[in-house]
Amino acid sequence: MTADIQESVQTGQTDKRKPPPRGKMTYVAIAVVTIGLLGLAQDVVTNPNFGWRVVAQYVFSGYILKGLTLTIALTVLVMLLGTLGGLVIAMMRISNSVFLKIVANCYINLFRGIPLLIQVLFWFNIAALFPNIRIGIPFGPTFSELDTNMLVTPFIAAVIALTLNEIAYMAEIIRGGLLGVDSGQYEAAEALGMPPRMTLNVILPQAIRIIIPPTANQLITTFKNTALVSVIGLADLLHSAQIVYAINYQTIPLLITASLWYLLLSSLLNWLQSVLEKRYSKGFQPRTNRRKPSTDKTPEETLV
Amino acid sequence: MTMTTKGGSVPTPKVDLQGVIKRFGDLQVLNGIDLQISSGEVCCLIGPSGSGKSTLLRMVNGLLLTDEGRVYVDGTLMGFREEGNDLIGITSPQLARQRRNIGMVFQRFNLFPHLTALDNVTIGPIKLLQMNRKKAENKAQELLAQVGLSARASYYPNELSGGQQQRIAIARALAMDPSVMLFDEPTSALDPELVGEVLSVIKSLAADGMTMLVVTHEISFAREVADTVVFMDQGKIVEKGPPEQILTRPQSGRTQDFLARATEAR
Ligand SMILES: Nc1ncnc2c1ncn2[C@@H]1O[C@H](COP(=O)(O)OP(=O)(O)O)[C@@H](O)[C@H]1O
Ligand SMILES: [Mg+2]
């Protein structure tokens, strides 16, 4: 029956459909934007200060690539640790212990409320606060003492600062995902007799669908935020470019070089996000390659 | 399956509620409920919206715990351990274990949307009863056939009609081999033309001797399948008895009003 309707629609479609005419202002806007873009393009190509030759010379240079590797490593590490920690804080926030809830809330407020640049500087200078790190039991015996400056290298300081911040943001994203799942799903899992941990196994795949888009955004933000670690002398992508232009004074071309890499990888992550979103929408959108996602009944399905 | 003779001598009821009281903050939702359901009995619970029917159902399988009174299913006290005169709450995993032989079907189906119909039915036996996949899938196929949906095993819930989803939800509950089935307005979210297919599955369960507590607004269905009809209002049981008595010759004015409105709405 549905096939008949589709057929008649298709055969009836002999007349050509055209969009309605555009208004005058649309044409004016298109003209203005086109002229602007052409002017910009001309400048980008002809203005020697862009230094495209220098960009080409450095974009695949060992120095820049090494910085890029560090930036990527930092992003991956921070994202992984941040997600795990975020899950813990999120569970604390939805737990039924008031104490755990308050602790989690305070954590999130603290790390989201202070500029990340300050957090990076703070952890880099942590030795000024705690010259030695004591390993032991609070108010109890000490097992060993370590020199903070030896332990907290710029890399470690960067990982700590970015991760603690990441945890706060990921906790909110994960919590939003868990709360976004219909409460009937929790009830159904519990009514089947699932213990809490297994209920979470049923809820998480559904929450992931809600969690992915903001997490992908967060990943891109984190990737760009790693540039902040250049202030503590860690040779990430930005700082590597800075070191080069400190020597050859080609400031703009090297900033462009770094930006090209940031842009390329951000775009890649954007693409990855859309792929993942499709994959996890399984069961939430009808599959298109299905024969009959309808209510029509085969004889066997009709109940007496 | 065996038919239990109605009204036969049944020593311990399947479901036994004794003076159950439930509060949500200051609001007392159940005001002392006493109700016994024997093996093979079909008990239909009717009453106006907000009278506490869903709350009562959730107390039977421990989704909600009593503030006072006791709930026994198959002789097991739900949610607590008795120590002398004290009741001590049991842990969530222990409570989860208690729920496994009580099936529940919801108004809004609540199928797991990321799993196919078959996986919705097998997840309980595989994860909770440690049944091997092959055996669980064979059993699930049998249950899907029983609810008339063999051909839909590989479909996701959103590819199915409401009536089909509810039948899958019934199969999911049956897969745990429950000794009691609870239904919370199983047809209220359905288009009128899909109500019949779900009710006929429930009727066939009744014919097989399943012990059931069904919250419903389908008066004619209650008349047909119920052994006992319970009318609830404002957190209390107003009357209970065989359907011919409660539905045809109700004693209480409140029951009469409710039935008049329910049949008027048809
Ligand atoms: N989780 C809850 N928290 C607070 N109040 C609730 C909750 N669940 C139900 N109630 C209240 O309890 C009363 C009975 O609800 P319910 O059992 O759902 O009634 P019914 O199923 O008969 O319509 C209603 O007044 C409802 O608002
Ligand atoms: Mg209800």
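Only one of B:ILE126, B:ILE88 is of a type in the set (Val, Ile, Thr), closer than 26 Å to B:SER154 by Cβ and more than 8 Å from chain A (Cβ to nearest Cβ); which?
So the residue among B:ILE126, B:ILE88 that is of a type in the set (Val, Ile, Thr), closer than 26 Å to B:SER154 by Cβ and more than 8 Å from chain A (Cβ to nearest Cβ) is B:ILE126.
Residues to consider are A:PHE143, A:PHE130; find the one that is surrounded by fewer than 16 Cβ atoms within 10 Å (Cβ to Cβ) and assigned to a loop (DSSP other than H, G, I, E, B).
A:PHE130
Would you be able to say whether some residue in region A:150-165 is more than 30 Å from B:ASN101 (Cα to Cα), in contact with a strand residue (DSSP E or B) (Cβ under 7 Å, 6 or more places away or on another chain) and not β-branched (Val, Ile, Thr)?
Looking for residues that are more than 30 Å from B:ASN101 (Cα to Cα), in contact with a strand residue (DSSP E or B) (Cβ under 7 Å, 6 or more places away or on another chain) and not β-branched (Val, Ile, Thr), one finds at least one in region A:150-165, hence yes.
Yes/no per residue for (1) of a type in the set (Ser, Thr, Tyr); (2) crowded, with 18+ Cβ neighbours inside 10 Å; (3) within 14 Å of ligand 1 (Cβ to nearest atom):
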| residue | (1), (2), (3) |
| --- | --- |
| B:LEU45 | no, yes, yes |
| B:MET59 | no, yes, yes |
| B:GLY69 | no, no, no |
| B:MET104 | no, yes, yes |
| B:LEU115 | no, yes, no |
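What are the pairs, 6+ residues apart or on separate chains, where a residue within region B:53-72 that is within 14 Å of chain A (Cβ to nearest Cβ) and within 14 Å of A:ALA188 (Cβ to Cβ) has its Cβ under 6 Å from a residue that is more than 8 Å from ligand 1 (Cβ to nearest atom) and aromatic (Phe, Trp, Tyr)?
Note: no pairs meet the criteria.
Mind checking which residues of region B:51-75 are within 14 Å of ligand 2 (Cβ to nearest atom) and either modelled with pLDDT under 95 or not in a loop (DSSP other than H, G, I, E, B) (or both)?
Result: B:LYS53, B:SER54, B:THR55, B:LEU56, B:LEU57, B:ARG58, B:MET59, B:VAL60.
Does region B:131-140 include one or more residues that are more than 8 Å from chain A (Cβ to nearest Cβ), closer than 21 Å to B:SER200 by Cα and of a type in the set (A, V, I, L, M)?
yes
Can you tell me which residues in region B:245-266 are among the polar types (S, T, N, Q) and either surrounded by 14 or more Cβ atoms within 10 Å (Cβ to Cβ) or touching a Ser or Thr at 6+ places or on another chain (Cβ under 6 Å) (or both)?
Scanning region B:245-266 gives B:GLN245, B:THR255.
If you take the residues in region B:181-227 that are modelled with pLDDT of 95 or more, within 16 Å of ligand 2 (Cβ to nearest atom) and touching an Asp or Glu at 6+ places or on another chain (Cβ under 8 Å), which one is farthest from the other protein chains (Cβ to nearest Cβ)?
Filtering first and then ranking leaves B:THR216.
Somewhere in region B:18-25, is a residue buried (at least 17 other Cβ atoms within 10 Å of the Cβ) and at negative phi?
Yes, that holds for at least one residue.
Is there any pair with a first residue in region B:171-196 that is closer than 23 Å to B:THR116 by Cβ and a second that is at pLDDT below 95 whose Cβ atoms are under 6 Å apart and which are 6 or more apart or on different chains, and what are they?
Matching pairs, first to second residue: B:PRO178/B:ASN101.
What pairs can you find where one residue is in region A:198-223 and under 14 Å from A:LEU178 (Cβ atoms) and more than 13 Å from chain B (Cβ to nearest Cβ), the other is in a helix (DSSP H, G or I) and of a type in the set (Gly, Ala, Ser), and their Cβ atoms are less than 6 Å apart, with a gap of 6+ or different chains?
A:ILE211/A:GLY177
Select from region B:88-102 the residues that are outside any helix (DSSP H, G or I) and touching a residue at least 12 places away in the same chain (Cβ under 8 Å) and write down the one among them that is surrounded by the fewest Cβ atoms within 10 Å (Cβ to Cβ).
B:GLY89
Identify the residue in region B:71-95 that is of a type in the set (Val, Ile, Thr) and more than 16 Å from ligand 1 (Cβ to nearest atom) and, among all such residues, is farthest from B:PHE106 (Cα to Cα).
Here the answer is B:ILE88.
The values are calculated or read from the model by the stated rules, or taken from the named source; none is laboratory data. These numbers were taken from a predicted model, which means no experiment stands behind them. Virtual Cβ from ideal backbone geometry, glycine too; neighbours counted across all protein chains shown.
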